[in-house]
């Protein structure tokens, strides 16, 4: 298991339209939940992408489906940070339900690279960003 630090939690309601013909949340929506949790965390830290400057870019994403999520319900997303490099860091997210918070229904993550958008290349993580992304979640 990778060393990781809990840095953010959020909830997302499961919508009726998130389900597929099989009666459970469609697999593509799990990636949306992972994305929204990551974006909400970035916004809380004051890190929205700035096309004229620098910001985070996802270079890969993955998800493992452990159990079926079904409507109605609310997804509990717990975001963790793992390995931090010169210009990148790994994120991991566990998806549970608020009515079953100890059961992980899916888990995934993404590698985030800090990018200089005008130059179209990676850039070293600024110290203030590095400090912000490792700040443990306090609720």
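The values are calculated or read from the model by the stated rules, or taken from the named source; none is laboratory data. Since the structure is predicted, the reported quantities are computational estimates derived from the model, not experimental observations. Quick reminder, even Gly has a Cβ in these numbers, built from the backbone with ideal geometry, and neighbours come from all protein chains shown.
In segment 88-107, is there at least one residue being part of a loop (DSSP other than H, G, I, E, B), closer than 18 Å to residue 125 by Cα and in contact with a strand residue (DSSP E or B) (Cβ under 9 Å, 6 or more places away or on another chain)? Break it down stepwise before answering.
Step one: of segment 88-107, the residues part of a loop (DSSP other than H, G, I, E, B) are 98-99, 101-105.
Cutting the leftovers down to closer than 18 Å to residue 125 by Cα gives us none.
Among the residues of segment 88-107, not one is part of a loop (DSSP other than H, G, I, E, B), closer than 18 Å to residue 125 by Cα and in contact with a strand residue (DSSP E or B) (Cβ under 9 Å, 6 or more places away or on another chain), which makes the answer no.
The condition (being modelled with pLDDT under 95 and over 15 Å from residue 56 (Cα atoms)) is satisfied by just one residue among 101, 126, 136: 136.
Scanning segment 108-125 for residues that are without any contact (Cβ under 8 Å) to a residue 24 or more places away in the chain and part of a loop (DSSP other than H, G, I, E, B), which turns out surrounded by the most Cβ atoms within 10 Å (Cβ to Cβ)? It comes out as 119.
Taking the criterion of being surrounded by 20 or more Cβ atoms within 10 Å (Cβ to Cβ) and in contact with a helix residue (DSSP H, G or I) (Cβ under 8 Å, 6 or more places away or on another chain), the residues of segment 55-77 that qualify are 56, 69, 75, 77.
Please go through segment 96-139 and give me each residue that is within 13 Å of the chain's Cα centre (by Cα) and closer than 17 Å to residue 82 by Cα, ordered by number.
As a first pass, look at segment 96-139 and keep what is within 13 Å of the chain's Cα centre (by Cα): 106-112, 133.
Scanning segment 96-139 gives 107, 108, 109, 110, 111, 112, 133.
When residue 30 is tested against the conditions (1) in contact with a strand residue (DSSP E or B) (Cβ under 6 Å, 6 or more places away or on another chain); (2) within 18 Å of residue 133 (Cα to Cα), the lone failure is (2). Scanning segment 6-23 for residues that are surrounded by 14 or more Cβ atoms within 10 Å (Cβ to Cβ) and over 15 Å from residue 96 (Cβ atoms), we see that the one that is nearest to the chain's Cα centre (by Cα) is 7.
Determine whether segment 24-34 contains at least one residue that is in contact with a helix residue (DSSP H, G or I) (Cβ under 8 Å, 6 or more places away or on another chain), in a loop (DSSP other than H, G, I, E, B) and surrounded by fewer than 19 Cβ atoms within 10 Å (Cβ to Cβ). Yes, there is a match, as at least one residue in segment 24-34 is in contact with a helix residue (DSSP H, G or I) (Cβ under 8 Å, 6 or more places away or on another chain), in a loop (DSSP other than H, G, I, E, B) and surrounded by fewer than 19 Cβ atoms within 10 Å (Cβ to Cβ).
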